[in-house]
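Structure record follows, encoded as structure tokens.
The values are calculated or read from the model by the stated rules, or taken from the named source; none is laboratory data. These figures come from a predicted structure and were not determined experimentally. Here the Cβ positions follow ideal geometry from the backbone for every residue, glycine too, while neighbour counts run over all protein chains shown. Just so you know, the surface numbers come from the protein's heavy atoms only, side chains and all, with ligands and any DNA or RNA stripped out. Shrake-Rupley method; radii C 1.70, N 1.55, O 1.52, S 1.80 Å.
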Amino acid sequence: MRPVFNRIVIQITVLPTNITYSPFKVLKTIDDALTLNKLTGEMMDNINKIDTVGQFNAYNNNETLHPLVSVVDLSKSYKRLNTRQNIGLYVVFLKEIKCGDLKYGCNYYDYEEGTLIFVGPGQIIGVENNGEYYKPKGTALVFHPDLIKGTALGRHIHDYTFFSYEIHEALHLSESERKIILDCLSKIRFELEHAIDKHSKTLIVTNIELFLNYCVRFYDRQFITREVPHKGILHRFEDLLTQYFQTDKPQSLGLPSVTYCADQLNLSANYFGDLIKKETGKSAQEYIQLKLMDVAKEKIFDKNKSVSEIAYELGFKYPQHFTRLFKQRVGYTPNEYRMLN
């Protein structure tokens, strides 16, 4: 019995500095803390999965006022170890403190204070565990996909492409923008604290949609004004396509895709597509096709090559697909264009 007694004493002694959180329930007793410290140790090198708003609230020591939506005060969280999380919810973090190099997928983002970070259901986010405890700070809007089922927001949620952005493409807020965001969160919180009635869901979802629409506006501003590492992206995109068609990559890799180009430029496909659309008025796919047609026109002037040879050189698997796209974009078939010129 003596060894067991000594082990318990040691655990209680370190509790004040090692207290942590749980995805399952709010800490209330010393027994909870002891159990959850053990749980955290087991999760240190694993991914912590959170599927419900209740779990997310308990994870951050917040009360659950609604089963499908919450505005979470992260400062209520206990000191905790860094972990990676697979979250089955829509989450928007308003970060107010830097707590390490945030890992998102395979990328890292050394994020600043005062940024909005968007996470869609099933995405993995978190910080690699380094054995140190930290104190979270900031606010999170979290809502379950079921909340918006059957609503206008539910039908258009995929239009908010920033839920698929990488972490290093976070939204950086000005002071005035930050005030608007906090006001939106305050309205949602007010509805959650209000007694539930027949208007509650409509008002909550409407305010979430307003919040997201402001984020769209602020991202548009960021594309135009912010000095970011990918400044001059359009020029780099053009150079990438030019170099691609000057090599044998089309024959080995096929036609360049939006995902391929975004990856080469260290951007997510959605962020890259939105940025190009904002810069040129055309989608990234349209821009690639226009470049493809320019290269094709040059090749067609070489009468020693057949249309089929040109198609294969450009990365088409089937010449008829090349002919169809050329006719659609140029107004003539490749052979007609050759005869005209």
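Per-structure values
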| read-out | value |
| --- | --- |
| Pick from the stretch 203-226, criterion among the hydroxyl-bearing types (Ser, Thr, Tyr) and modelled with pLDDT of 95 or more, ranking: farthest from His66 (Cα to Cα) | Tyr214 |
| Cross-chain or 6+ apart pairs with Cβ under 7 Å, the stretch 144-163 first and within 23 Å of Arg217 (Cβ to Cβ) and assigned to a loop (DSSP other than H, G, I, E, B), then at pLDDT 95 or above and of a type outside the set (Val, Ile, Thr) | Tyr160/Leu212 |
| In the stretch 246-260, residue most open to solvent (accessible area, probe 1.4 Å) [restricted to those that are among the polar types (S, T, N, Q) and more than 31 Å from the chain's Cα centre (by Cα)] | Gln246 |
| Identity of the residue in the stretch 82-94, in a strand (DSSP E or B) and open to solvent by 10 Å² or more (accessible area, probe 1.4 Å), that ends up modelled with the highest pLDDT | Tyr90 |
| Residues within the stretch 303-326 that are touching a helix residue (DSSP H, G or I) at 6+ places or on another chain (Cβ under 8 Å) and more than 25 Å from His235 (Cβ to Cβ), tallied | 16 |
| Yes/no for Ile204 being within 22 Å of the chain's Cα centre (by Cα) and open to solvent by less than 80 Å² (accessible area, probe 1.4 Å) | no |
| Output for the stretch 128-150, where each listed residue is surrounded by fewer than 18 Cβ atoms within 10 Å (Cβ to Cβ) and touching a strand residue (DSSP E or B) at 6+ places or on another chain (Cβ under 9 Å) | Glu128, Asn129, Asn130, Gly131, Glu132, Tyr133, Tyr134, Lys135, Lys137, Pro145 |
| Residue within the stretch 187-197 that is touching a helix residue (DSSP H, G or I) at 6+ places or on another chain (Cβ under 6 Å), β-branched (Val, Ile, Thr), modelled with pLDDT under 95 and buried (at least 20 other Cβ atoms within 10 Å of the Cβ) present | no |
| In the stretch 167-183, the residues that are open to solvent by less than 10 Å² (accessible area, probe 1.4 Å) and either under 17 Å from Thr151 (Cβ atoms) or β-branched (Val, Ile, Thr) (or both) | Ile167, Ile181 |
| Verdict on Glu313 being touching a residue at least 40 places away in the same chain (Cβ under 8 Å) and farther than 30 Å from Ile224 by Cα | yes |
| Close pairs (7 angstrom Cβ cut-off, 6 or more residues apart or separate chains): over 13 Å from Leu240 (Cβ atoms) and among the aromatic types (Phe, Trp, Tyr) in the stretch 259-270, part of a helix (DSSP H, G or I) and modelled with pLDDT of 95 or more anywhere | none |
| Residues that are small (Gly, Ala, Ser) and in contact (Cβ under 8 Å) with a residue 12 or more places away in the chain, drawn from the stretch 247-256 | Gly254 |
| Test for Leu141: is it under 30 Å from Ile276 (Cβ atoms), modelled with pLDDT of 95 or more and assigned to a strand (DSSP E or B) | yes |
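Conditions tested, residue by residue: (1) at pLDDT 95 or above; (2) over 17 Å from Gly254 (Cβ atoms); (3) out of contact with any Lys or Arg (no Cβ under 6 Å at 6 or more places or on another chain); (4) part of a helix (DSSP H, G or I).
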residue: Tyr271; (1), (2), (3), (4): no, yes, yes, yes
residue: Leu275; (1), (2), (3), (4): no, yes, yes, yes
residue: Gln285; (1), (2), (3), (4): yes, no, yes, yes
residue: Lys305; (1), (2), (3), (4): no, yes, yes, no
